[in-house]
1. For the range 272-386, report the % of Cα-Cα distances exceeding 18 Å.
2. What list of ³J(HN,Hα) couplings, whole Hz, do you get for the range 61-67 from phi and the Karplus terms 6.51, -1.76, 1.60, once you set θ to phi - 60° and write x for glycine and proline?
3. Which links in LYS203/LYS279; LYS79/LYS279; LYS87/LYS207; LYS139/LYS207 stretch past 28 Å when you go from one Cα to the other?
4. Taking H as built 1.01 Å from N, whose amide H comes closer than 5 Å to the amide H of ALA209, not counting residues under 5 places away?
5. When the expected Rg is taken as 2.2 N^0.38 Å, what fraction or multiple of it is the alpha-carbon Rg of the range 51-106?
6. Under the Karplus relation 6.51 cos²θ - 1.76 cosθ + 1.60, θ = phi - 60°, what is the ordered set of whole-Hz ³J(HN,Hα) values for the range 287-304, x standing for Gly and Pro?
7. Taking every pair of alpha-carbon atoms in the range 330-403, give the share separated by more than 17 Å as a whole percent.
8. Starting at the first residue of the range 44-54, write each ³J(HN,Hα) from the Karplus equation 6.51 cos²θ - 1.76 cosθ + 1.60 with θ = phi - 60°, in whole Hz, x for Gly and Pro.
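Throughout, read-outs are computed from the coordinates displayed, never taken from laboratory work. In this text, all values refer to a predicted model and were calculated from it rather than measured experimentally. Quick reminder, even Gly has a Cβ in these numbers, built from the backbone with ideal geometry, and neighbours come from all protein chains shown.
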Amino acid sequence: MIQQLFHRLLLRRHFWRYATFSEVAELYSSRMMRMIAINISAAFVSVYLYQNGYSVQFIAAYWTIFYIAKVLIALPAAKYAAMFGPKHGILLSNLLYIPSMVIYVYVPEWGIPAMVAAGLLQAVSSVMYDLCYMIDFSKVKSVEHAGKEIAYMNMVEKIAKGLSPFLGGVLAFVAGPQATMWAAAVLFAFASLPLFKTGEPIKTRQKLAFRGFPWQLAWRNFIAESAVGFDAIASGTVWSLLVAVGILGVTSNSVYAQLGALLSVVMLAAVASSYIYGKIIDRRRGGELLRAAVIVNSLVHLTRPFVTSPMVVASVNMANEAATTGYGMAFTRGMFDTADLSGRRITYLGLIEVVVNIGATGAGLLFLACVSLYGDIEGMRIFFVVAAFVVLLIMTPKFRLYQK
């Protein structure tokens, strides 16, 4: 039913150039189900660990190691995608995420061994999916209307991202946080089904090609992408913990419902801004959008240390979502254009996956250092002051698309 809804929408709009409407509808519906599955539980994992007696310092170290693992996994995942195709990579990714969610349920009984097993499966799954999704989407996009296409995919993501934390929070409040892990596992089982009515969008049995790779074209993109990875940890893991521990208080399961509601208020702003940003990008103003959104995002980080009430948290979340949506869409459009120009699509996107996780690892190390030196709450506040300056690197790439 979801797939048919997207099919009718896209058929009416005629956006897509290389893919059939069935292929695009499948990509949209699969993406929505995966985003719901991830966000119904992902925002609560760190809080869940904290509630089970693990310190903020331990959680920071855990996620740092998690992202180091993702750095090491990225290029083997790219080789898999080149050999078997992105749709097979997405299938493997979703299948691996199911046991990771189930194993998290048993963290209270099994402890660190469960965290290691769940984290490793989750790391492989997330790297494989992010890379294969980028390959698939970059291949089927339209050159002339890519901004609008990215906007529609972004709206799908934001609807899922907006609704699922609230639903997951309520479920965790009523039935316990383990219930959200089980729900996520079930949703992942369905997320791959729409993708296998059509074939792979690329030629399979390829190899990564580093000889002749256009480093001059891509190196500044890699620096900026590392800052994107840094920002994802700042706005996700660190912010959720600061809100839960420093503002709401982790005293009962009600924190999950409160945190979910605060994360879900961003949906309307994100959906509306996605449509507007798509038009701006297609009018060749993506470079200006990128710079403006990054500056706003930096200012949002500077305000986080001073937030003390749930109402202000909601306002900060909305401002952050508008900013990250803006730079994310503009950056994605420039990145896909570079993938086309490079002649090494899978190699380029594989390296992108490496550097984004290097940036996330850097954020994890800074997070760990701050809470170790200054304590939990004060350390997280200092982290955001530093993050406000690091994220400015996101506006440094020289995408050829925006130099015309």
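1. In whole percent, the share of Cα-Cα pairs in the range 272-386 beyond 18 Å is 64.
2. Per-residue couplings from phi come out as 5, 4, 6, 4, 5, 4, 6 Hz.
3. Too far apart for the 28 Å limit: LYS203/LYS279; LYS79/LYS279.
4. Amide H neighbours of ALA209, under 5 Å, 5+ apart: THR347.
5. Rounded to two decimals, the normalised Rg is 1.45.
6. x, 5, 4, 4, 5, 5, 5, 5, 4, 4, 4, 4, 5, 4, 4, 5, 7, 4
7. That fraction is 56 percent.
8. After applying 6.51 cos²θ - 1.76 cosθ + 1.60, I find 9, 4, 5, 5, 4, 5, 4, 5, 8, x, 7 Hz.
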